[in-house]
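Enquirer: What follows is a structure written as C-alpha cells; I'll ask about it next.
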C-alpha cells in the first residue's frame, strides 16, 4: 500500500469517529452557549463557530452510509434556526428603527428559536447514538488506520 492509499483509508476509517465526536460536541457547546447567555456573557462569534461545526458534521455524516437518514435532521434544524434568526434580526432592527423597544421581536425569537434548537440538540444525541450503533469499532478502526498511515509515512 502506498502513502496515497493509506491517507485515503485513514480519511475513510476515521470519518465515523470524527462525525460521532462532532455530533456529541455540538449539542454540548450549544448548551454551554445557552448557559453563558443566562449569566450575561454573550459573544456573537459562538453562534458562528457552532454553525461552522454543524456544516462540517453534516458533510461528514452525509458520507456515512450505514447510519439512518435522521442524521440530517439536527443539522437541518440548525440551518433553519440560523435562517429564522436572520429574519427575526431584520424584524428587530425594523421595530427599533420605528421607535419600538424590540421586545416583541426578541420575545418572538425566543418562542420560535429555542424550541427548535432544543429539538436539534435531542436529534444530535440520537444521531450520535445511531453512529455508535452502526460503527461499533469506529475508534479502534480510526486508530489502526492512523498507525498504519504514520508507519508508512515514517518509512518513506
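All of the numbers you see were taken from the coordinates with simple rules; none came from a lab. Since the structure is predicted, the reported quantities are computational estimates derived from the model, not experimental observations. Heads up, the Cβs are rebuilt from the backbone with ideal geometry, glycines too, and the neighbour counts pull from every protein chain shown.
Enquirer: Can we say residue 133 is part of a helix (DSSP H, G or I), out of contact with any strand residue (DSSP E or B) (no Cβ under 8 Å at 6 or more places or on another chain), closer than 15 Å to residue 24 by Cα and without any contact (Cβ under 8 Å) to a residue 12 or more places away in the chain? Steps first, please.
Expert: Values: part of a helix (DSSP H, G or I): yes; out of contact with any strand residue (DSSP E or B) (no Cβ under 8 Å at 6 or more places or on another chain): yes; closer than 15 Å to residue 24 by Cα: yes; without any contact (Cβ under 8 Å) to a residue 12 or more places away in the chain: yes.
In short, yes.
Enquirer: Quick one: is residue 117 in a helix (DSSP H, G or I) and either in contact with a helix residue (DSSP H, G or I) (Cβ under 7 Å, 6 or more places away or on another chain) or surrounded by 18 or more Cβ atoms within 10 Å (Cβ to Cβ) (or both)?
Expert: Spelling it out, residue 117 is indeed in a helix (DSSP H, G or I) and either in contact with a helix residue (DSSP H, G or I) (Cβ under 7 Å, 6 or more places away or on another chain) or surrounded by 18 or more Cβ atoms within 10 Å (Cβ to Cβ) (or both).
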